[in-house]
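Undergrad: This structure is in structure tokens; I'll ask about it shortly.
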Amino acid sequence: MKTKSIFSNHMVMLAALFLFFIGYFVSIYRGNTNSASNYSCLIIAASCMYSGNPTFGGELPENRALRLLARLNGLLLVIWFVIIIAQLFL
């Protein structure tokens with residue numbers, strides 16, 4: 001019997017990453033930099049632990065909604081990275 005880790009489950013990890021991104025962008029919008037920093041750490045940790053991350057060459061989920069969420073998370077990861085770099089120069 002093959003057991004799966006929760007970190008390889010597309011439904012759990014994609015939803016968690018999406019919620020972390022939403023929390024980060026809401027924190028930035030409200031000007032709460034401490035909370036945004038905490039969300040940044042969560043985003044980095046979740047992206048690294050997610051073994052099947054489609055952004056880094058993993059397989060896309062077979063479910064259409066999860067495929068869309070995976071692509072959206074990839075786009076949000078790029079936007080998050082650009083915001084982090086922009087904050088370094090401001």
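The values are calculated or read from the model by the stated rules, or taken from the named source; none is laboratory data. None of the values given here were measured: they were computed from a predicted structure. Neighbour counts run over all protein chains shown; Cβ positions are idealised from the backbone, glycine included. For accessibility, only protein heavy atoms count, side chains too; no ligands or nucleic acids. Shrake-Rupley method; radii C 1.70, N 1.55, O 1.52, S 1.80 Å.
Undergrad: May I ask you to list the residues in the range 18-57 that are open to solvent by 30 Å² or more (accessible area, probe 1.4 Å), modelled with pLDDT under 85 and assigned to a loop (DSSP other than H, G, I, E, B)?
TA: The answer is Ser51, Gly57.
Undergrad: Considering only the range 1-17, state which residues are among the aliphatic types (A, V, I, L, M) and modelled with pLDDT under 65.
TA: Answer for the range 1-17, where residues must be among the aliphatic types (A, V, I, L, M) and modelled with pLDDT under 65: Met1, Ile6.
Undergrad: Now for a separate question. For the range 58-90, how many residues meet the condition of being at pLDDT 80 or above and either over 13 Å from the mean Cα position of the chain (by Cα) or open to solvent by less than 60 Å² (accessible area, probe 1.4 Å) (or both)?
TA: Number of matching residues: 22.
Undergrad: Moving on to the next point. If I go through the range 62-90 residue by residue, how many of them are small (Gly, Ala, Ser) and touching a Ser or Thr at 6+ places or on another chain (Cβ under 7 Å)?
TA: 1
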